[in-house]
Structures are given as C-alpha cells and as structure tokens.
1. Any idea what diffusion coefficient the stretch 1-98 gets from Stokes-Einstein, in µm²/s, Kirkwood Rh on alpha carbon pairs, 4 °C, 1.567 mPa s?
2. So what is the calculated 222 nm ellipticity per residue for the chain, using -39500 (n - 2.57) for each DSSP H run with n of 4 or more, over all residues, to the nearest 500 deg cm²/dmol?
3. Counting only C-alpha contacts under 8 Å and six or more residues apart, can you give the relative contact order of the stretch 12-69 as a whole percent?
4. Give me the number: length gained by fully extending E31 to A73, i.e. 0.36 nm times residue separation minus the C-alpha to C-alpha distance, one decimal in nm.
5. Compute the relative contact order of the stretch 58-174 as a whole-number percentage, counting only Cα pairs closer than 8 Å that sit 6 or more residues apart in sequence.
6. Once the piece of chain linking E61 and E173 is laid out straight, how much longer is it, given 0.36 nm per residue of separation minus the C-alpha distance between them?
7. Using 7 Å Cα-to-Cβ label points, what is the E14/Q165 separation (nm, one decimal)?
8. S38 versus E50, label points 7 Å from Cα toward the beta carbon: distance in nm?
Amino acid sequence: PISTDEAKAELGVEEPVALTFGFVEEKKRYEDVVRALSTLPELTYLIAGELREGEGEAVLERVQELAEQFGVADQIRYLGYVNDRNVPVVFSATDVVVLPYERVSQSGVVNDALAYRRPVVASDLPAFRELKREFGCIRLYDGKCLNSILADLLRNPEQRSRLTQAASEYFTEM
C-alpha cells in the first residue's frame, strides 16, 4: 500500500482531497461538490473517471462553467480514466470520497472507498441509507448540507477516524 503523503505527492496535491470516482455522467451531482468548495478553500476536488459516451463531455463542461462562476476552478482537477495501477494512488491520496448521486441502486465505488478505508459522504438515497443504518460507515447528505459535513470531516480527525474504523469493520464483515 502507498501512504497518503506519497500518494498526494504523486498526484501533486498537498491540500485535503475529496474524490468522486467512476464514469463522468449525468446521474452524478458534481454541482453539489462545486458549490461546497466555495466555503472550503482548503479542499481540492478530484474527479476521476472516463467520460460516459454521449454525456460525459457535456457534464464536465457544466462542472467547469459552474466552478468558474463560483471562483473554485483552481480547486478542481479532472484526472480522466484511472488505470488499475493508479487506483490505489488516487484513493490513498483522498481524505473523503463523495458520492453525489441523483439516483443509484448500488455502487461499486462505495465498496472501493471502504476497502481503502476512506470516509464516504453520499447522497441520501436508499442504497446508501442501508449502509449507514447497518454499518455506520458513511455519512449522508441532502443537497443542502454537504459543505458542513465536508467541513466537519476535514476539520475533525475524530469524525474521520470513526468513519475509517466503521469502514474497516464493514470491509472485514463483507
């Protein structure tokens, strides 16, 4: 495994890092994270994933336009497709994984994040509610409170530690 510091150095980031991983597509509400960045100037947001055919480019353009409107474009990095060799680097560099889905029935990314023992903040959807209820390994947000949850996790090591421990317990049970 690669350390957080080594991973951040490899990606060229020093700040706290939030990550949304997987296809860049319409069903993810990247704008939730972009809006939250305006109150979290210390946070770098990594978007990692291939552009979903027929929609990914337009989604990324909207993210970039919104980021410019909010004055946070310099806090966002699009990594593109991440090959298997680099997946550990990206997750290890991450302080919190954000899953801003509009809809989802299941998510492989949540399992990846928990396997890397990363705190997860996800949209308040049934698939994620079940994980929170059964294992307490993720935090949920509705559209309005993402910035305060991210701030709490970034500035409160005990909160991050609690989620990391719950992620470890979840992954051990699974």
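The values are calculated or read from the model by the stated rules, or taken from the named source; none is laboratory data. Because the structure is predicted, anything quoted here is derived from the model rather than measured. Glycine also receives a Cβ, built like all others from the backbone with ideal geometry; neighbour counts cover every protein chain displayed. Quick note on the areas: whole protein, heavy atoms, side chains included, nothing else; ligands and nucleic acids left out. Shrake-Rupley method; radii C 1.70, N 1.55, O 1.52, S 1.80 Å.
1. Answer, rounded: 96 µm²/s.
2. Using -39500 (n - 2.57) per qualifying helix, the result is -14000 deg cm²/dmol.
3. So the answer I get is 47 percent.
4. Gain on extension, E31 to A73, equals 13.9 nm.
5. 22
6. Once the chain is fully extended between E61 and E173, it gains 36.3 nm.
7. The answer from the label model is 3.2 nm.
8. 3.5
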